[in-house]
Amino acid sequence: MRDTLLGLDIGGTKTELCLVRLSAGAQPDTHEVLGSQRFPTEPNSGLDSFLKRLSHQIDRLLEEKGLGRANVRGTGIGVPGALHPRTGVLSQSSIPFLSGLTLKEVFETALPDLGPSTLENDANCFALAEARLGAGAEWAGRNGIRQEDLCMLGVTLGTGVGGGIIMNGRLIRGKRGGAGEIGHSTLFPSGRPCYCRKLGCAEQYLSGGGLEQSYFARTSGKERLSAREIFRRLDEANPFALATVESYREDLTTFLSNVSNILDPHVIVLGGGLSTQDRLYAGLEERLKETCFLTENPPSILKHRIGDSAGMIGAALLAHETAHHSEDA
Ligand SMILES: [Zn+2]
């Protein structure tokens, strides 16, 4: 029976895959992960090598669960970069061998018999999973907001800074698939150079690397620490760590109030490595109240619920919605 979905999250370092079952309906409210796996993407190894390894991993995972390709109803694939909504061509991806390709064609040819494939930007997949099945869905249920009315912004604070916008229950993609690229909005006009050729992008301050660079600068270039270690040193009241994280929280407030003024979401769900640090959240909503244009009832800031696997589960969700709509049609 074709009742299983395959979700993929292809990242610059690792690729994750999972088999998921979702409850019936266009917008399911439960999900069951049957099994998952990960393997290194090796972005320098080229497309053919990657597809071969991916195909092998998929069959291994299916076999482990006593399933075969005939059980897969559809495949959802999350990728870094902007996917053009009309042409399906990927641009600005951190994985060079995927850039410039029409990926749906590439994957359906290389990975046959896995149902239709649906591609989406990875941060959009994260936002969708959290809106439908995670922190956003839970918040909406608690506050009597229907899924089709929910406005949610998903923000990933990790190696990079990404965003996924859900307005009135729908994912917003934009003209070129570039909606939600909030990591490259300017935080400091004469700030740090970014690989996107601009200065002072939010990502240069709010990513894990950005935080590490801030700490390094604060110690006048004497000490380089990982983001995790910087947070750990807060427990020892290390003055450099305290000052670095405080200024990070100020930057995060400015950033979130800018996007809130544009989107006015019900909720902002944070994901990515840094979002697991509880210290980021303390008093953040109060600060937003002071910095947003609308001062009453600011957006709720929530930690992700699905977390690490949200990318691949969101991709599987999209595959589900695509299959559901094509069966309806
Ligand atoms: Zn940038």
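Just one of the listed residues (Ile165, Ile172) is without any contact (Cβ under 8 Å) to a residue 60 or more places away in the chain and away from the ligand (no atom under 16 Å from the Cβ), and it is Ile172.
For Ile95, the criteria (1) more than 26 Å from Arg173 (Cα to Cα); (2) modelled with pLDDT under 95 hold in every case but one, which is (1). The set of residues in segment 205-237 that are among the acidic types (Asp, Glu) and more than 28 Å from the chain's Cα centre (by Cα) comprises Glu223, Asp235, Glu236.
Selection of first residues in segment 194-208 that are of a type in the set (Lys, Arg) and of second residues that are near the ligand (Cβ under 7 Å from one of its atoms), restricted to Cβ pairs under 9 Å at least 6 apart or on distinct chains, gives the following pairs, ordered by first then second residue: Lys198/His184. In the set Thr75, Thr15, which member is modelled with pLDDT of 95 or more, within 20 Å of the chain's Cα centre (by Cα), part of a strand (DSSP E or B) and under 14 Å from Ser117 (Cα atoms)? Thr75 is the lone residue from the list that is modelled with pLDDT of 95 or more, within 20 Å of the chain's Cα centre (by Cα), part of a strand (DSSP E or B) and under 14 Å from Ser117 (Cα atoms). When the criteria are applied in full, Arg132 meets the requirement of being over 24 Å from Lys52 (Cα atoms), within 21 Å of the chain's Cα centre (by Cα) and of a type in the set (Lys, Arg).
Every residue, every condition in (1) β-branched (Val, Ile, Thr); (2) under 14 Å from Leu211 (Cα atoms), yes or no:
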| site | (1), (2) |
| --- | --- |
| Ile230 | yes, yes |
| Arg233 | no, yes |
| Asn238 | no, no |
| Asp251 | no, yes |
| Ile262 | yes, no |
| Pro265 | no, no |
| Gly273 | no, yes |
| Thr276 | yes, no |
| Gly283 | no, no |
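Within segment 298-307, count every residue that is in a helix (DSSP H, G or I) and surrounded by fewer than 18 Cβ atoms within 10 Å (Cβ to Cβ). Of the residues in that region, 0 qualify. Is segment 255-264 home to any residue that is away from the ligand (no atom under 16 Å from the Cβ), among the aliphatic types (A, V, I, L, M) and farther than 28 Å from Gly136 by Cα? No, segment 255-264 has no match at all.
The numbered conditions (1) assigned by TED's automatic domain parsing to the domain that holds Gln92; (2) closer than 30 Å to Ser247 by Cβ are all true for Gly134 except (1).
The lone criterion from (1) surrounded by fewer than 21 Cβ atoms within 10 Å (Cβ to Cβ); (2) out of contact with any Lys or Arg (no Cβ under 9 Å at 6 or more places or on another chain); (3) within 20 Å of Tyr281 (Cβ to Cβ); (4) of a type in the set (Gly, Ala, Ser) left unmet by Gly183 is number (1). When Gly136 is tested against (1) in contact with an Asp or Glu (Cβ under 6 Å, 6 or more places away or on another chain); (2) within 16 Å of the ligand (Cβ to nearest atom), just one condition goes unmet, and that condition is (2). In this structure, is Ile313 not assigned by TED's automatic domain parsing to the domain that holds Met152 and not in a loop (DSSP other than H, G, I, E, B)? It is true that Ile313 is not assigned by TED's automatic domain parsing to the domain that holds Met152 and not in a loop (DSSP other than H, G, I, E, B).
Is segment 168-188 home to any residue that is more than 26 Å from Ala129 (Cα to Cα) and among the basic types (Lys, Arg)? Checked segment 168-188: no residue is more than 26 Å from Ala129 (Cα to Cα) and among the basic types (Lys, Arg).
Here is a yes/no grid of residues against (1) in contact with a Pro (Cβ under 8 Å, 6 or more places away or on another chain); (2) not β-branched (Val, Ile, Thr):
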{"position": "Glu138", "(1), (2)": "no, yes"}
{"position": "Gly144", "(1), (2)": "no, yes"}
{"position": "Gly174", "(1), (2)": "yes, yes"}
{"position": "Ile182", "(1), (2)": "no, no"}
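When Ala319 is tested against (1) at pLDDT 95 or above; (2) crowded, with 19+ Cβ neighbours inside 10 Å, only condition (1) is not met. Would you pick out the residues in segment 256-297 that are in contact with a Pro (Cβ under 7 Å, 6 or more places away or on another chain) and in a helix (DSSP H, G or I)? Ser260, Glu285, Leu288, Lys289 - these are the residues of segment 256-297 that are in contact with a Pro (Cβ under 7 Å, 6 or more places away or on another chain) and in a helix (DSSP H, G or I).
When the residues of segment 180-234 are filtered to those that are hydroxyl-bearing (Ser, Thr, Tyr) and more than 9 Å from the ligand (Cβ to nearest atom), the one that is nearest to Arg249 (Cα to Cα) is Tyr205.
The values are calculated or read from the model by the stated rules, or taken from the named source; none is laboratory data. Bear in mind the structure is a predicted one, so any value in this text is a computation, not a measurement. Please note: Cβ atoms are built from the backbone with ideal geometry, for glycine as well, and neighbour counts cover all protein chains shown.
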